[in-house]
Every structure is written in structure tokens, then in C-alpha cells.
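To keep things clear, I will list the structure first and then write my remarks on it.
The values are calculated or read from the model by the stated rules, or taken from the named source; none is laboratory data. Note that this is a predicted model, so its numbers are computed, not measured. Note that each Cβ is placed from the backbone with ideal geometry, even for glycine, and that neighbours are counted across all protein chains shown.
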Amino acid sequence: MVVDPPQKRRASGFRRVRDQRDLRPHVNPRPGGRRVDAAGQFLSPLRQLTTNIIDTYRIANPQFKYESATNPRRVLTKPSKPSHNEGYDNEDYDYILYVNDWLGTEEGHKYLILDVLGQGTFGQVVKCQDMKTHDVVAVKVVKNKPAYFNQSMMEVTILEMLNTQCDPHDEHHILRLKDSFIHRSHLCLVFELLSSNLYELIKQNQFQGLSTQLVKVFTAQLLDAMSILKDARLIHCDLKPENILLKTLQSPQIKVIDFGSACHERQTVYTYIQSRFYRSPEVLLGLPYTAAIDMWSLGCIAVELFLGLPLFPGTSEYNQITRIVEMLGQPPSYMMEMGKQTGQFFDSYVDMYGRKKYRLKSLEQYSREHNTNEQPGKQYFKATSLPEIVNGAPMPAFKTGRQGVEMEKELNNRQSFIDFCQGLLNMNPIERWSPQQARLHPFITGEKWTKPFVVRFSSSFSSFH
């Protein structure tokens, strides 16, 4: 008996494929139970639970109301506990900032907060996006205190003058102020967004120092900016590597920032100015000061860029003046006589010829008189004179076959650099070079250095008049 083979039964739900047309997906244009969007398109379950989830919630609960303010946001301010200004400020009177929060108003520019860039005594700086122009900017949000508010209003005035009158075409390496406004009692200043500061550059280089060529490129730009300030009779008052920023990481173009301590030469009301490592002898001694204090700071910065370490890393004001005197000798007599703080650091005595002289107080005497535990401070360099320190820095690696030529060029560059820095680090602010004078030095112009640079009396006279 012959039995027919059993028929294969097709699985339920499967169709026979005869040609390509049978492979086309079948889409139901009007699926049951689906709602449509504003354009009349049927919504898939995925869209109903993602892009259209607010409507989905509202259908499920007609009382549901969505507000972006209720979104969970990363807080950027520390401490973040509300304390003042109706809960908008913390205990330090800093505005409590969140990622994706807004600064500004609907009428003016609105700034979407992206991240924090820094925090200081004045307040905070955040990276924001200008929602009108879509530019990414830096916004300084000043503390909600009258002293900081007033000082920052001075910064606005100074930068507006520099940007519009002194450097209208953005050619002289000065920070650009784009906008300013008040947000919930906080003054906000909007700046162009820049890159790393020069301290971070030194740090990334393992504090090994930069080449004389790169130091020259940076210093020439700083002198350009300071010439503009000098002509405007403005003093920056806080020049240091942290306040000099690279425009981008791809080029050595820089900008001078933070005019929060700046003042006019006729309005030198503050006596406690300049960061300690870069503080000039006249400020330390309590003398009236001029734009020459910025040139002292520039001298300190130039040497630090080359060496990778600060030249005068004082642990206190006494330690600062001690380091300066050890390297450069005592300030001129007239500075000692006029200085309101001279007696803090020096004892006066009469020499055998009846002349009044000054002697730096010993560590023990200063500690005893001021009830402090002064320490000598770390010595970064074995040598004590500027020429010895600069010449003692490691030599760069020279190309094979050109060692002799390159070595001679580097040694000449170093001699020129030493002479240049000595003109800036002159104890006497009247003799210290102005930016206009310093720009003529061979180290900046690129001419071969043959002898000590001497400024002409005429340019000196015009510079200090």
C-alpha cells in the first residue's frame, strides 16, 4: 500500500512570497485607536511616548501642566543652598546657577547657561549661548553686594571706553565686552569667549618654561595692549598670567582680561592691589602709584613665561619685599621716605656720615613685631641675580649640524631678554620703562642685541608727563 506524504501545513500568519511586491510592508493608513498630530499624521506609540509625551500626559490627566522650570537641572553654584534674594542667592550672595537656566530678558538678549567657567571673590563666570545670535559667550555674574556691583560698573565703563574709543577695530589684544544687564539684582557682563590662560599654558608645559621666541610673541602683544591703556591713562592693577588668555589653542594670539580692579591714573583710591607675586615695590611700600605698576607686573610675567616658575613667589608681603631686595637691592631713598608701609618692613638708622639709611627687618624681628610665624619661603632658583637665573635655564635642543649657530643666537636672545626685563624690573617707577619705550627694545623688534638698551630722554619725558 502506497501512502501519500503528509502535506506540510503553512504556519499561521505567514504568506507565500511570489515576487518582490509581496515583500513590501503593509501599513494601515488609519490604525484604530491612534491619535493624530497637528499636521494630521497618525502618531506611532514611540512618538506618543517621546516627542508628544506632554500631550499624552494631558489626555491621561486634563489637569496636567508642564513647565520647563520643573525640569531637573545640574546646579553649577557652590554652595547651592538658597539663603538670600528670595532664594535666588546662596549664603555668599552668589546667584544660584543651573544648566539650561536663562539669564537676561525677553526684550534684550537671552542667554542659555551651558556650564561654569570659573568662580572668584567677585562672583561667577559661566559659558552661555546667546539665543539671538547663537554665539557662545562668557557671562560674568557679579555677587549681589554693593561693593562688587559698583566695581563691576566701573569695569563696564572702562571696557566700553576701551572697546569703542581706544580699540574700535579689536586690534590691540583687549577683551571685548558684548553686553551688560541686571538679572534678579545681579549685574551680568557678557564677554567674548576665549581659551586657556597663560598660567594653564605654563602648567601644561610641566613648568619647564617657554622659548624666548614665544615669550617675545606674547610680550609684544602685551606691550601693545599696555600702550593703549597708558594712552588712556588707565591702570590694569592686576596683570598676571591668569588674566592673559589665548584666543584659541591653535595660535599664540592673546587678550588681556579682568578689568575689575582697573582705575584711572587720577583715581588711585585702593592701596591693596595687584596679586602678590606681581605686586610692585611702590605698592608694597604704600606709595602713590601710576601705570608703571603694570610694567613691573609685565617684567615678572615675562620672566615667569621663560622660566616656568614665578620670579618672586612671596608667601607674604614681607616675604615678597625680601625676595625683591635680595635680587635687586633696596628701593631708592625717596621711596623709603615717602612709603607709608616702609616702617612695616625696614628699620631706619643714621650711618657714620649722618645720612639716614634703611635696613630690612630680620625674619625674627618681623615675626615678633607682627605676631606672625613668618617662614623663609621656598627658593626656586639657586642663583640670586636675574642674569644668572636666566642664563642658568636649560638650553633647548638644537638641530644637528647647526648647534654652534643656534647656541650663539640663543645666548644673544637671552642677553637681550635679561636687558629687557631689567628695564621693566627697575625699582624706581620714574625710571621704569613705559610700554612705548619697551616696544623699541631689540628683544621686541628682533634686532641683534649688542649693548644695553638706553631710552632717549625725549621719549622718557613724554612718557612720564
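Is there a residue being small (Gly, Ala, Ser) and closer than 14 Å to Lys378 by Cα anywhere in the range 309-321? If you could, list the steps in order and put the result at the bottom.
Our first condition is that a residue be small (Gly, Ala, Ser); within the range 309-321, this holds for 314, 316.
If we keep only those that are closer than 14 Å to Lys378 by Cα as well, we get 314, 316.
Taking every residue of the range 309-321 in turn, at least one turns out to be small (Gly, Ala, Ser) and closer than 14 Å to Lys378 by Cα.
Does the range 125-142 hold any residues that are surrounded by fewer than 22 Cβ atoms within 10 Å (Cβ to Cβ) and over 16 Å from the mean Cα position of the chain (by Cα), and which are they? Before you say what the answer is, go through the steps one by one.
The initial filter retains those residues of the range 125-142 that are surrounded by fewer than 22 Cβ atoms within 10 Å (Cβ to Cβ), namely 125, 127, 129-138.
Passing the criteria: Gln129, Asp130, Met131, Lys132, Thr133, His134, Asp135, Val136.
Being hydroxyl-bearing (Ser, Thr, Tyr) and either over 22 Å from the mean Cα position of the chain (by Cα) or closer than 17 Å to Tyr93 by Cα (or both) is the filter here; which residues of the range 103-124 pass it?
Keep residues of the range 103-124 that are hydroxyl-bearing (Ser, Thr, Tyr), which gives 105, 111, 121.
The answer is Thr105, Thr121.
In the range 104-121, of all residues being hydroxyl-bearing (Ser, Thr, Tyr) and farther than 18 Å from Lys145 by Cβ, the one that is surrounded by the fewest Cβ atoms within 10 Å (Cβ to Cβ) corresponds to Thr105. Scan the range 322-339 for residues that are farther than 16 Å from Asn426 by Cβ and either surrounded by 20 or more Cβ atoms within 10 Å (Cβ to Cβ) or under 32 Å from the mean Cα position of the chain (by Cα) (or both) and jot them down. Thr322, Arg323, Glu326, Gly339, listed by residue number. Considering the range 272-329, the residues that are charged (D, E, K, R) and out of contact with any helix residue (DSSP H, G or I) (no Cβ under 8 Å at 6 or more places or on another chain) include one that is nearest to Ile244 (Cα to Cα), namely Arg323. Scanning the range 390-438 for residues that are among the charged types (D, E, K, R), crowded, with 16+ Cβ neighbours inside 10 Å and in a loop (DSSP other than H, G, I, E, B) yields one hit, Arg432. Sub-7 Å Cβ pairs linking a first residue in the range 407-423 that is among the polar types (S, T, N, Q) to a second residue that is assigned to a helix (DSSP H, G or I), at least 6 apart or interchain, are Asn413/Thr212; Ser416/Pro442; Ser416/Phe443; Gln422/Leu386, ordered by first then second residue.
Of all the numbered requirements in (1) of a type outside the set (Asp, Glu); (2) within 15 Å of Ile430 (Cα to Cα); (3) at pLDDT below 95, Tyr272 misses one, and that requirement is (2). Over 23 Å from Ile273 (Cβ atoms) and either surrounded by 20 or more Cβ atoms within 10 Å (Cβ to Cβ) or in contact with a Leu (Cβ under 8 Å, 6 or more places away or on another chain) (or both): is that true of Leu159 in this structure? It is false that Leu159 is over 23 Å from Ile273 (Cβ atoms) and either surrounded by 20 or more Cβ atoms within 10 Å (Cβ to Cβ) or in contact with a Leu (Cβ under 8 Å, 6 or more places away or on another chain) (or both). Against the conditions (1) outside any helix (DSSP H, G or I); (2) at pLDDT 95 or above; (3) of a type in the set (Val, Ile, Thr), Thr372 satisfies every one except (2). May I ask you to list pairs of residues, at least six apart or on different chains, whose Cβ atoms are under 9 Å apart, with the first in the range 372-394 being acidic (Asp, Glu) and the second being surrounded by 11 or more Cβ atoms within 10 Å (Cβ to Cβ)? Note: pairs meeting the criteria are Glu374/Thr315; Glu374/Ser316; Glu374/Tyr318; Glu374/Asn319; Glu374/Leu363; Glu374/Tyr366; Glu374/Ser367; Glu388/Phe381. Being crowded, with 16+ Cβ neighbours inside 10 Å, in a loop (DSSP other than H, G, I, E, B) and either of a type outside the set (Asp, Glu) or modelled with pLDDT under 95 (or both) is a property that Leu287 has. Does Ser152 qualify as being among the polar types (S, T, N, Q), in contact with a strand residue (DSSP E or B) (Cβ under 6 Å, 6 or more places away or on another chain), surrounded by fewer than 19 Cβ atoms within 10 Å (Cβ to Cβ) and closer than 26 Å to Asp101 by Cβ? Criteria not met by Ser152. Scanning the range 64-103 for residues that are surrounded by 13 or more Cβ atoms within 10 Å (Cβ to Cβ) and not in a loop (DSSP other than H, G, I, E, B) yields Val75, His84, Asn85, Asp89, Tyr95, Tyr98, Trp102, Leu103.
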